[in-house]
Amino acid sequence: MIQVAAAIIYNNEGRVLIARRREGKSQAGLWEFPGGKIEDGEDAGACLRRELIEEMGIDIMPYEYFGENEHSYRGGPHIRLIAWKAEYCGGEIKLTDHDDCRWESPGELERYLFAPADIPFVRKLAHEPGVQ
Ligand SMILES: Nc1nc2c([nH]c(=O)n2[C@H]2C[C@H](O)[C@@H](COP(=O)(O)OP(=O)(O)OP(=O)(O)O)O2)c(=O)[nH]1
């Protein structure tokens, strides 16, 4: 089982950062919450701070556990996807593993085609009482 961390990153307008996996990656063309595989000795928060710098060039601060889902991709890995809410702290987004990204209102997230492991998070966010 592969442990993967995903960040639900909020900007100061209450929008969430989503990104589309580029051609050549597994789950190419599907949207996700940025993140990546947890390395030995890391917790989800440390993994997310590292991945967001490596993968997008931005600083984030994970602040709240959101949930986890297990999913088996056909012919692929069995993953445990662990999500944390995070605050966007700064940096200009540079895409490397993705070919598109958006700051989207939580209520609009269900309009996007997400990686299957993310779908329970998308539903939960879309129906969460809150600012938006
Ligand atoms: N980062 C991230 N990965 C996710 C999400 N949902 C989801 O199913 N995944 C899957 C895709 C991959 O199988 C795995 C980890 O992705 P990764 O992007 O760190 O893996 P990697 O760079 O090694 O790329 P790859 O070999 O899987 O193409 O988790 C998500 O919301 N964020």
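Taken together, the values in this text are just the output of simple stated rules run on the coordinates, not laboratory data. Values in this document were obtained by computation on a predicted structure and should not be read as measured data. Glycine also receives a Cβ, built like all others from the backbone with ideal geometry; neighbour counts cover every protein chain displayed.
Computed values, structure above
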| item | result |
| --- | --- |
| Sole exception among (1) surrounded by fewer than 17 Cβ atoms within 10 Å (Cβ to Cβ); (2) away from the ligand (no atom under 12 Å from the Cβ) for Ile58, by number | (1) |
| Residues (assigned to a strand (DSSP E or B) and either within 25 Å of Met1 (Cα to Cα) or aliphatic (A, V, I, L, M) (or both)) located in region 95-132 | His98, Phe114 |
| Residue that is nearest to the ligand (Cβ to nearest atom) [pool: residues in region 14-33 that are small (Gly, Ala, Ser) and not in a strand (DSSP E or B)] | Ser26 |
| Residue match in region 71-94 (condition: near the ligand (Cβ under 10 Å from one of its atoms), in a helix (DSSP H, G or I) and either of a type in the set (Lys, Arg) or in contact (Cβ under 8 Å) with a residue 12 or more places away in the chain (or both)) | no |
| Filter result (away from the ligand (no atom under 13 Å from the Cβ) and touching a residue at least 24 places away in the same chain (Cβ under 8 Å)) within region 100-132 | Asp100, Arg102, Trp103, Glu104, Ser105, Pro106, Gly107, Lys124, Gly130, Val131, Gln132 |
